[in-house]
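Report on one structure; see the data block that follows.
The values are calculated or read from the model by the stated rules, or taken from the named source; none is laboratory data. Quantities reported herein were computed from a predicted structural model and do not represent experimental measurements. Here the Cβ positions follow ideal geometry from the backbone for every residue, glycine too, while neighbour counts run over all protein chains shown.
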Amino acid sequence: MNKEKIKEWSLIFAWGLYDLANQFFALNIVSLYFVRWVTIEKGAPEIFYSISFGISTFLVAVSAPILGTISDVAGRRRPFLVYLTLLSVIFTMLLGFSQNVFLGLLFFAIANFGCQGAIVFYNALMVNIAPKDKIGLVSGFGRMLGYSGAIIALYLIKPIVLKSGYQATFLPTGILFLVFALPCLVFIKDKDPKEKVRLFSFLRKDKIFGIFRQLKETFSDSYRFPGLPDFLKATFFILCAVNVIIIYMAVYATKVFKLNEGQMINLITFSTVFAMAGSIVSGYISDRIGALRSLIGIFILWGICLSAAAFIKTENLYWLIGSLVGIALGSIWVVLRALVMRLLPVENIGEAFGLFNIVGYLSGVVGAIFWGVILLFLSPLGELGYRIALFSLNLFIVFGLIFLFRMNRSSLKNHLPR
């Protein structure tokens, strides 16, 4: 391997480590320990957590396209990645010192805003290090490292949670998030930056009108790119369901599957191994048969997962469900990320991921609120209410597939490989 290849893959590895670092927050805070600290240890209803998550995610949805446009104008994504990551790290650590559930939810909302907002610029930086013919593979490699991070997070934090409880995990989670993010924050640079990012300079009247004019053009232009509107609609619906699974999988497993802490960690680890495999294999497959065909298959797999988890009661089959959910979860982000990069020109990549992430964030709001509201009505049914709520997520899968098949019939097939 020559020096250029070594340098190329070293940068890819440094970039991918951010996916690993991000999993400390995504798993320990969003999905596993903070959500159960709120809903189980503190006894707050799911709707409180849904509202906190929804507000922070909505704020990201509003700010992402504006910040994405600023980053395109300035030709700089790295400063936004650094500042938003530090914001998330600081407030994640502060969670470890909050005894009040509402103060904790406020700190969580700020930390989640930073973490989710940083992903916009992390994704956009992929174009600086990924060869054009290996976009799917590099995307898959990042997700594989991400799910490796989930396993690392589980076992580094396991002794702490078993000894000291949920809240004791928050401070070390913030520290480990920062440590593993550092290679990306330090070594991944912007290519050909046009000007320094001076956020307040963009608050001048002419700058503000310029940003919104460019955003308006991007939204208007979305209808000029074959299949993009249908892709965004399909993405919205699938991520409504996926975000619910990510946020509430630990609560569901505790209340429906009756898993204890050790069983929970073992099941998530098992599922994560399959997510790693799904990440790298789906990236390879999407480069070979096309991202659109791959995405249709992944949607169908998600429908199977939701139905199985809603109806199956045999304990041994939990492992089968875990493996299928892992594959589906590992694949969905890889193929969505690869497909969105084929739908807009490179010079609009910041705006492209801004649009993509608006849809993703709005789906997080809708999915979380949908789950919280439906459980308010179904809570008297106990375990059955949770099972009905999970099966109802198939509605999102069906609507998403409708828009994917519209894409398949459109002229998009002339623009994407198979």
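Please work out if V60 is out of contact with any Ser or Thr (no Cβ under 9 Å at 6 or more places or on another chain) and closer than 20 Å to F107 by Cβ. Against the criterion (out of contact with any Ser or Thr (no Cβ under 9 Å at 6 or more places or on another chain) and closer than 20 Å to F107 by Cβ), V60 qualifies. Pairs are defined by a Cβ separation below 7 Å, a sequence spacing of at least 6 or placement on different chains, a first member in segment 274-296 that is over 17 Å from L401 (Cβ atoms), and a second member that is in a loop (DSSP other than H, G, I, E, B); the pairs so defined are I289/R418.
When segment 83-109 is examined, which residues are found to be surrounded by fewer than 18 Cβ atoms within 10 Å (Cβ to Cβ) and under 18 Å from N357 (Cβ atoms)? If the condition is that a residue be surrounded by fewer than 18 Cβ atoms within 10 Å (Cβ to Cβ) and under 18 Å from N357 (Cβ atoms), then Y83, L87 are the ones that fit.
Which of the following residues is in contact (Cβ under 8 Å) with a residue 24 or more places away in the chain and of a type outside the set (A, V, I, L, M): K163, K189?
Numbers: K163 fails: in contact (Cβ under 8 Å) with a residue 24 or more places away in the chain.
Sole residue among the options that is in contact (Cβ under 8 Å) with a residue 24 or more places away in the chain and of a type outside the set (A, V, I, L, M): K189.
Just give me the residues in segment 74-85 being touching a residue at least 40 places away in the same chain (Cβ under 8 Å) and either in contact with a helix residue (DSSP H, G or I) (Cβ under 8 Å, 6 or more places away or on another chain) or closer than 14 Å to F113 by Cβ (or both), in sequence order.
Within segment 74-85, the subset touching a residue at least 40 places away in the same chain (Cβ under 8 Å) is 74-82, 85.
R77, R78, F80, L81, V82, T85 - these are the residues of segment 74-85 that are touching a residue at least 40 places away in the same chain (Cβ under 8 Å) and either in contact with a helix residue (DSSP H, G or I) (Cβ under 8 Å, 6 or more places away or on another chain) or closer than 14 Å to F113 by Cβ (or both).
For segment 64-72, does any single residue satisfy the condition of being part of a loop (DSSP other than H, G, I, E, B) and touching an Asp or Glu at 6+ places or on another chain (Cβ under 8 Å)? No, the conditions are met nowhere in segment 64-72.
Exactly one residue out of G174, G68, G142, G146 is crowded, with 18+ Cβ neighbours inside 10 Å, in contact with a Ser or Thr (Cβ under 7 Å, 6 or more places away or on another chain) and not hydrophobic (A, V, I, L, M, F, W, C), and it is G174.
Is there any pair with a first residue in segment 247-258 that is within 19 Å of A150 (Cβ to Cβ) and a second that is among the hydrophobic types (A, V, I, L, M, F, W, C) and in a loop (DSSP other than H, G, I, E, B) whose Cβ atoms are under 8 Å apart and which are 6 or more apart or on different chains, and what are they? Listed by first residue and then by second, the contacts come to A253/L259. Each residue in segment 243-289 was checked for being of a type in the set (A, V, I, L, M, F, W, C) and under 17 Å from W302 (Cβ atoms), and 10 pass. For P229, the conditions (1) at pLDDT below 90; (2) closer than 30 Å to E383 by Cβ are fulfilled apart from (2). Evaluation of L27 against the conditions (1) touching a Ser or Thr at 6+ places or on another chain (Cβ under 9 Å); (2) at pLDDT 90 or above; (3) closer than 21 Å to I175 by Cβ shows that the sole unmet condition is (2).
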